[in-house]
Amino acid sequence: SVNKNLIIDIEKNGLVLSTYKEDEKAKNFTFVLRNELVVALGDILIVTEADINSGSLTSIEFALKMKKEIYTIPHRLNESLGTQKLIEKNLIKVIYDIDEFVENISQKKAENIQDEILLFCETNPSYENAITKFKDKIFEYELEGKIIIRNGKIFLN
C-alpha cells in the first residue's frame, strides 16, 4: 500500500510484469520467484552486497544457472561475506572502476547488436522486416558496406 501511487504510475506509463494474478497477496516465497524473473530479464546481474544467508544469494544462484555474468563492488574485510566467498571461487567479478566497467559493458552490448543484425541479414530478410526490426542500423550497415539491398531483400556483402 505504501507504493500504491508508484505502481499506478508505472501501470499507466511503463510496464508491469508478474507471474501472479492481479489480486494475489505477496508471500515470503513470491519475492524469491520475483527475483528469478528480474534476473532472467537482465543481461547481467550486479549484487552490491550479500551476506552469507542473504536473499541476494538466491538471485546469484538463478544468474549462475542462466549462465549470466555476475558483478559486485569491493568490500572491506568481514563485509558482504556472501559475495566475498563467490569472488574467491571466481563465480562473480568485482567492479573496481565504474567507468571502465560501463565502457566494457557498452562495448559488449554493441558487439552483440552487430552480431545480431548480421545473423538476421544472413537469412536474406525483406527490407521492410529489417527496417522494422533494426531501424537506423540497417542504413548504417548499408553505408558501411556490410549489407546490400537488392530487389527488396537484404544480403550480406
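For the range 67-98, the tally of residues that are farther than 15 Å from I46 by Cβ and either touching a Leu at 6+ places or on another chain (Cβ under 8 Å) or open to solvent by 80 Å² or more (accessible area, probe 1.4 Å) (or both) stands at 8.
For T30, the criteria (1) β-branched (V, I, T); (2) at pLDDT 95 or above; (3) exposed (fewer than 15 other Cβ atoms within 10 Å of the Cβ) hold in every case but one, which is (2). Of all residues in the range 22-65, those satisfying the criterion of being in a loop (DSSP other than H, G, I, E, B) and within 20 Å of F101 (Cβ to Cβ) are G42, D43, V47, T48, E49, A50.
Please count how many residues of the range 37-65 are open to solvent by less than 70 Å² (accessible area, probe 1.4 Å) and not hydroxyl-bearing (S, T, Y).
Total meeting the criteria: 14.
Modelled with pLDDT under 95 and more than 30 Å from Y141 (Cβ to Cβ): which single residue out of L118, L81 fits that description?
L81
The values are calculated or read from the model by the stated rules, or taken from the named source; none is laboratory data. This one's a predicted model, so the numbers in the text were calculated from it and none came from an experiment. With ideal geometry, Cβ positions are generated from the backbone for all residues, glycine too; neighbour counts draw on all protein chains shown. Note: areas computed on protein heavy atoms with side chains; ligands, DNA, RNA excluded. Shrake-Rupley method; radii C 1.70, N 1.55, O 1.52, S 1.80 Å.
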